[in-house]
């Protein structure tokens, strides 16, 4: 065979070889096509074929992860991306970031997976997944809060604190980070430091709250009752009633569909304010500064009327100030929230007794408090006193006798 003809044949064979070498595998092409078409179930099938044929190919797992996201299977996506990073971290990260339209989608999917892990108390898995989140987008502050909480659940408060401070590096006005740091100081009984961070949390939560409040109440004047009703309906997932409230009471034609995000932000900022005020109040309570404790606890109730602990401690402080009717109102609200709480009923009876309403005090003591703690000496003593005040000496003596019997046990 002439040399020129041989070279020509070899060149042709080389082109064929290059064509097959450079052409993606059938599963890969099919998977990408199905992903473009939004047929994520079939895309996943092709990725799984690729997994069988090329188990050490990082691309198999990136495409599988993308298909899992399309199927809303965030845990499956997390598992796939973890495997891709394990095989080739640099190429996987480059692949994720090169898909610019979907970078935020990948981050959100992994964050959702991390959130699910925390709800399942799989904190180590959550931290591993959040590490991938930070590689994809280190600027998103919410991942640091979730990371910090995971470390705290694992007993590592130092790393938890660092995670919260990392959030503030990304956003110095991130209220939730200040609140979380305040909680760590509160747990360590470092109340002055806690108050410093709670103060910042309140400032930034309030900024968000007022901004969203302006948007939601732009057609009407702000009313506390409507705001509290809106928060309750959101928390109880009563969407139809919430939609009606937005349309009728706030004059928002689009209702919940148009304002869902704003309502969510309003509830979150209101909750953040309520909790920050509550723990500020409890910090002052621990520092024995009753006036500031009461002031902050009242603010907590303003934003979180269902916080029975705030109602309970504020009521106790009002009793110390001999403000019986105001305290009674708080204990009555608390009793609706926690009908099986002895302390609430006991203090409520005390308020009635101090207001000289002894019959009502006896009713509360006997019907509500006594079934919960039938051997409580303070309760029995108060009952004896109340019966004596209405002239029922016989009943008063019965309770005094019970006290003597208990002392002998």
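Compute the acute angle (0 to 90°) between the alpha-carbon long axis of helix 157-170 and the principal axis of greatest extent of the alpha-carbon atoms of the chain; round to the nearest 10°. Roughly 70 degrees, rounded to the nearest 10. How far, in degrees from 0 to 90, does helix 175-187 lean away from the longest principal axis of the Cα atoms of the chain, to the nearest 10? The helix 175-187 is inclined about 60 degrees to the chain. Measuring r between the beta carbons of residue 56 and residue 90 and using R0 = 22 Å, the FRET efficiency lands at 0.90.
For the stretch 243-270, the residues whose backbone nitrogen is under 15 Å from a point 7 Å from the Cα of residue 207, taken along Cα to Cβ, are 269.
For helix 142-153, what angle does its Cα long axis make with the longest principal axis of the chain, in degrees from 0 to 90 and rounded to 10? The two axes meet at around 60 degrees. With contacts defined as alpha carbon pairs under 8 Å and 6 or more residues apart, what's the relative contact order of the chain in percent? Answer for the chain is 6 percent.
When the helices of the chain are scored as -39500 (n - 2.57) per DSSP H run of n ≥ 4 and the total is divided over every residue, the value at 222 nm lands at -25500 deg cm²/dmol. Available extension along the chain between residue 193 and residue 239 is 12.5 nm, counting 0.36 nm per residue and deducting the alpha carbon span.
Using a basic spin-label model with each label point 7 Å from the Cα along Cα→Cβ, how many nm lie between residue 32 and residue 138? Here the modelled spin labels are 3.1 nm apart. Once both labels are positioned 7 Å from their Cα atoms along Cα-to-Cβ, the gap between residue 232 and residue 288 label points is 3.9 nm.
In plain terms, the chain from residue 264 to residue 162 could stretch by 34.0 nm, reckoned as 0.36 nm per residue minus the Cα-Cα distance.
As a rough footprinting exposure proxy, the listed residues 118, 158 were ranked by other beta carbons within 10 Å of their own, and the order from fewest upward is 158, 118. Using 0.36 nm per residue and subtracting the Cα-Cα separation, the extra length available between residue 170 and residue 224 on full extension is 16.1 nm. Using a 10 angstrom cutoff on alpha carbons, build the Gaussian network for the chain and name the most mobile of 132, 317, 372. The residue that fluctuates most here is 372.
GNM remark for the chain: springs join alpha carbons under 10 Å apart, and the peak mean-square fluctuation among 258, 163, 314 falls on 258. Each label point was placed 7 Å from the Cα along the Cα-to-Cβ direction; for residue 337 and residue 295 their separation is 2.2 nm.
Readers should treat all values here as calculations from the given coordinates under stated rules, not as data from a laboratory. The shown structure was predicted, so the numbers you read here are calculated from the model rather than taken from an experiment. Note: ideal-geometry Cβ built from the backbone for every residue, glycine included; neighbour counts use all protein chains shown.
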